Amino acid sequence: MKISKIRIKNYRLLIDTELDVDLQTTLIVGRNNTAKTSCIDCISTVLRGKDFTYDDYPLSMRKELQSLIATFMKKEIDFSEFCEQLPIISLEFLVDYSSDDSEDNLGALSPFIIDVDIDTTEALIYAEYKVKVDEKTLWKLLETSFYKDNVYSPNDEEISNVIVTNFSKIFGMTIYAVNPKNKKDRQVKSYKELVELFQFYSIPAERTLGEDGAQNNTLGTLITSFFDVGEEELDPAVADEVKKLRKLVEAANKNVQKDSDEILSSVVNNAVGFGYPNGEELQLGVTTQLSIDDQIKNQTKLSYTTGICGESLPSTHNGLGYKNLIKMEFLLAAFAKKIEKYGAACIPLLFIEEPESHMHPQMQHAFADYLETFLKKISNVHIQTFLTSHSAHIANTMDFSKIRYAQKTNAGVIYKNLNLFAKSNANNMDFIKKYLTLSRCDLFFADKIIFVEGASERLLMPDMIDKCDKAGEFDSCKYKLPAQYYALIEIGGAYAYKFIPFANFLGIPCLILTDIDSMEDGRTKTIVSKGKISSNVTLKWWMRQIKSMDEDDTTKIPLAEIIALSPEQKTYGKCHIEFQTEENGLCGRSLEEAIMNVNRSYYELSEPVKEESLEFNGKSKTDFALNLICEKPDYEIPQYIKNGLIWLNNQKVLE
């Protein structure tokens, strides 16, 4: 049995959000402040039996909450109507047990299966944070904020303070088993039944190893378990060694205890005077509760020993990345030991927040690649894992089917299942996945994307953006492009089109800067004025979308039609394309030619300049770009690049 879907309503940025859950590992990625951690926090609050606070209630819905309360206090609706209309925090788990044999014991899931239909293979578990007080109590809490001398006179500040202060008194958690085929058919369940089903463990982003004896000593926690569980519950892999350690400690405890009591009793008796106690009365003695196992539990520290000379160093001398990894290994091992007690009768849920902390890129890649294998190695019980990450190395190591992209909109956050895109875009997915993996592209964490042709554009683009900003080209927006995080992705016109549907799916504003690549025919390059067609695959793909042509239509598209595209036609969904345009009476066919065209004096082009004079014959486009930045800092930017950057600047990140 496994969780297949989680739905969260009215929690922070999660107004009404569904998360498709992978059988093994679900990775949540996205820009900062897109409710990646909020999903984990909401689940953690419910499964740990804690109260939500007013801070957890969505900012966008607080006016609605206060307005509804005011309507109730004005006696325009009764208490039952108030409770029914109130937007409440809720969490829903959809559990799929179709892979379980009908003969299997469904263990802790059994109380939540209320549909007797043998064909039903899903269970729905619903937790809601609803009004728990009665009408009289609620009225008493709120009355002084709404009435003065029995006259309705609401005080907004007092109302807000009362709601904030009493939020957990007014609302409480109720858990239901719901019939997935009839949502009105539901039964109240206990918190105990919920936590017996979901064995939940969370590893936060802020991790301390505790190897120096500090609090949160993970090593001590693991060692404590060796002493506190019965012999039959010990992990077979360490059972023999632990039994030997227990016998050794037990014998040492007895010997030290006896000798210690005798010596200390003698010391105390010899030190006590004043004639009491005398020989006829009970004598003083000392019993010290010595426990070597407590010392082992509390004072054991990690050290690292070299294999060459046998010398050791304290763990504090090791790198943060290794300590972070070791910390997680200890925590995972402790969790595995815990869930072994329950076997397949529960659904273990593991949450790891930003595992990349302190890890260098290669270590991040190795962690993501090996995590599932490691969990299978340390536990026979199937664990569903949830990761949140800002690491391109982790994101691009994971299979697309496991990634959920958190897109923030004005209506709340949406978790987009990349597996859905992969299934409907199979032809492009292999390329996209390989490219993201090889380039370590941070596309998932960007506000906006710029696809460029090659090295020249990649080197020049930050400088061109800065120039446009200083020239006031971005002044129409308060939040300008240079202050946003844009991903600059180098990919030629032969492949950029493969990313366009993907950018639209993610909902990220995307600018494609490409070359017009004029051709006399299918084989011969030529100047733009003599061109008949374009060899640029992305431009041809774009035109097929504009003209509603089939993907595999091989009809040649005249270059004149491409050149004639209007600004509106250059936009497709969240994507916009720009290519060289005519300036000073001429049009270059590449970036280098377009730059030379608008900077003729820099390149000593004598008038009248012909298109042939613009032809770039340099050996290195990279050298061309570096020379332009270093030697000609006052260069002019080609208009097509300005147009594209202004378009991108004006696109809203949130819609």
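Consider Ser476 against the criteria (1) open to solvent by 60 Å² or more (accessible area, probe 1.4 Å); (2) of a type in the set (S, T, N, Q); (3) over 30 Å from Ala594 (Cα atoms); (4) in contact (Cβ under 8 Å) with a residue 24 or more places away in the chain: it satisfies all of them except one. Which criterion is unmet? The one condition Ser476 does not meet is (3). Is it the case, given these coordinates, that Asn627 is assigned to a helix (DSSP H, G or I) and either loosely packed, with under 15 Cβ neighbours inside 10 Å or touching a Ser or Thr at 6+ places or on another chain (Cβ under 8 Å) (or both)? Considered against the rule, which asks whether it is assigned to a helix (DSSP H, G or I) and either loosely packed, with under 15 Cβ neighbours inside 10 Å or touching a Ser or Thr at 6+ places or on another chain (Cβ under 8 Å) (or both), Asn627 comes out as yes. Are any of the residues in segment 449-457 β-branched (Val, Ile, Thr), touching an Asp or Glu at 6+ places or on another chain (Cβ under 7 Å) and assigned to a helix (DSSP H, G or I)? Scanning segment 449-457 turns up no residue that is β-branched (Val, Ile, Thr), touching an Asp or Glu at 6+ places or on another chain (Cβ under 7 Å) and assigned to a helix (DSSP H, G or I). For segment 439-473, filtered to residues that are within 25 Å of Pro501 (Cα to Cα), open to solvent by 30 Å² or more (accessible area, probe 1.4 Å) and among the acidic types (Asp, Glu), the residue that is farthest from the chain's Cα centre (by Cα) is Glu453. Would you mind stating whether Asp634 is part of a helix (DSSP H, G or I), at pLDDT below 95 and either among the basic types (Lys, Arg) or surrounded by fewer than 17 Cβ atoms within 10 Å (Cβ to Cβ) (or both)? Considered against the rule, which asks whether it is part of a helix (DSSP H, G or I), at pLDDT below 95 and either among the basic types (Lys, Arg) or surrounded by fewer than 17 Cβ atoms within 10 Å (Cβ to Cβ) (or both), Asp634 comes out as no.
In segment 519-545, the qualifying residues are those that are over 46 Å from the mean Cα position of the chain (by Cα) and in a helix (DSSP H, G or I), and the one that is surrounded by the most Cβ atoms within 10 Å (Cβ to Cβ) is Val528. The lone criterion from (1) part of a helix (DSSP H, G or I); (2) open to solvent by less than 20 Å² (accessible area, probe 1.4 Å) left unmet by Asp515 is number (1).
Residues of segment 148-188 that are open to solvent by 20 Å² or more (accessible area, probe 1.4 Å) and of a type in the set (Val, Ile, Thr): Val151, Val162, Val164, Thr165, Thr174, Val188. Listed by position, the helices (runs of 4 or more DSSP H) enclosed by segment 97-209 that each have at least 3 residues that are within 35 Å of the chain's Cα centre (by Cα) are 156-170, 191-197. Across segment 86-100, the number of residues qualifying as open to solvent by 10 Å² or more (accessible area, probe 1.4 Å) and touching a Cys at 6+ places or on another chain (Cβ under 8 Å) comes to 0. Picking from residues in segment 520-536 that are among the aliphatic types (A, V, I, L, M) and in contact (Cβ under 8 Å) with a residue 40 or more places away in the chain, the one that is nearest to Glu578 (Cα to Cα) is Val528. Does segment 498-518 contain at least one residue that is over 25 Å from the mean Cα position of the chain (by Cα) and without any contact (Cβ under 8 Å) to a residue 60 or more places away in the chain? No, because not a single residue in segment 498-518 is over 25 Å from the mean Cα position of the chain (by Cα) and without any contact (Cβ under 8 Å) to a residue 60 or more places away in the chain.
Listed by position, the strands (runs of 3 or more DSSP E) enclosed by segment 333-437 that each have at least 3 residues that are aliphatic (A, V, I, L, M) are 347-353. When each of Phe505, Phe499 is tested for being closer than 29 Å to Phe445 by Cβ and either out of contact with any helix residue (DSSP H, G or I) (no Cβ under 6 Å at 6 or more places or on another chain) or of a type in the set (Gly, Ala, Ser) (or both), the lone residue that passes is Phe499. What residue, among those in segment 105-133 that are open to solvent by 30 Å² or more (accessible area, probe 1.4 Å) and free of Cβ contacts under 8 Å to residues at least 40 places away in the same chain, is nearest to Cys42 (Cα to Cα)? For segment 105-133, the residue satisfying everything is Ser110.
The values are calculated or read from the model by the stated rules, or taken from the named source; none is laboratory data. This is a predicted model, so every value here is computed, not measured. For neighbour counting, all protein chains shown are included, and Cβ atoms are generated from backbone atoms with ideal geometry for every residue, glycine included. In case anyone asks, the SASA skips ligands and DNA or RNA and just uses the protein heavy atoms, side chains included. Shrake-Rupley method; radii C 1.70, N 1.55, O 1.52, S 1.80 Å.
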